[in-house]
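Here's the structure, in structure tokens; my notes come after.
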Amino acid sequence: QVQLVESGGGLVQAGGSLRLSCAASGSIFSINAMGWYRQAPGKQRELVAGITSSGSTNYVDSVKGRFTISRDNAKNTVYLQMNSLKPEDTAVYYCNAHVVTTRTRIEYVYWGQGTQVTVSS
């Protein structure tokens with residue numbers, strides 16, 4: 001079993017910052033890609049940022065220059081630093097991890113429970 005626990009969401013004014021964290025725990029042999037997705041009301045879930053095990057990153061165009069994804073492999077944790085937040089960033093943010101489990105040595109995709117980010121204008 002693998003669990004992803006997110007923290008750091010909340011309410012912030014436009015122009016403010018938040019930092020999301022997502023810690024993975026359980027029967028983890030290794031973690032490959034990790035990422036953050038978001039889903040706003042009435043919209044499909046979209047990839048916000050991703051990071052490989054070696055640290056390569058990618059971002060959706062709307063957050064480039066404002067958001068930074070990083071990871072601490074020793075802690076099995078991925079972060080999303082969000083600066084210059086806009087009302088359109090309001091959504092539930094989910095973390096995602098491609099985990100190779102100890103028992104099977106097969107990669108599975110796991111999701112966090114989601115954390116609400118609300119940006120007021």
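Each reported figure results from applying straightforward, stated rules to the coordinates on display, with no laboratory input. These figures come from a predicted structure and were not determined experimentally. Note that we place each Cβ from the backbone using ideal geometry, even for glycine, and neighbour counts take in every protein chain shown.
Quick notes on this structure:
- Rounded to whole Hz, the Karplus (6.51, -1.76, 1.60) HN-Hα couplings of segment 9-24, x for glycine and proline: x, x, 9, 9, 7, 3, x, x, 10, 9, 10, 9, 10, 9, 9, 9
- Couplings 3J(HN,Hα) of segment 96-111, computed from phi: 9, 9, 9, 10, 8, 7, 4, 6, 9, 6, 10, 7, 10, 9, 10, 10 Hz, in residue order, whole Hz [Karplus 6.51 cos²θ - 1.76 cosθ + 1.60, θ = phi - 60°; x for Gly and Pro].
- Relative contact order %, the chain, counting alpha carbon pairs below 8 Å whose residues are six or more apart: 36 percent
- The Cα-based radius of gyration and maximum Cα-Cα distance (Dmax) for segment 55-107 are 14.1, 43 Å.
- In this structure, the amide hydrogen of residue 29, modeled 1.01 Å from its nitrogen in the peptide plane, lies closer than 5 angstrom to those of 100, 101, 102, counting only residues at least 5 positions away or on a different chain.
- Efficiency of FRET between residue 54 and residue 113 - r from beta-carbon atoms, R0 25 angstrom, step 0.05: 0.35
- Along each principal axis, Cα extent of segment 1-41, largest first, Å: 40, 17, 17
- Our summary gives segment 33-104 a relative contact order of 36 percent, counting only alpha carbon pairs under 8 angstrom and 6 or more residues apart.
- Cα centroid separation, segment 3-40 to segment 104-121 (Å): 6 Å
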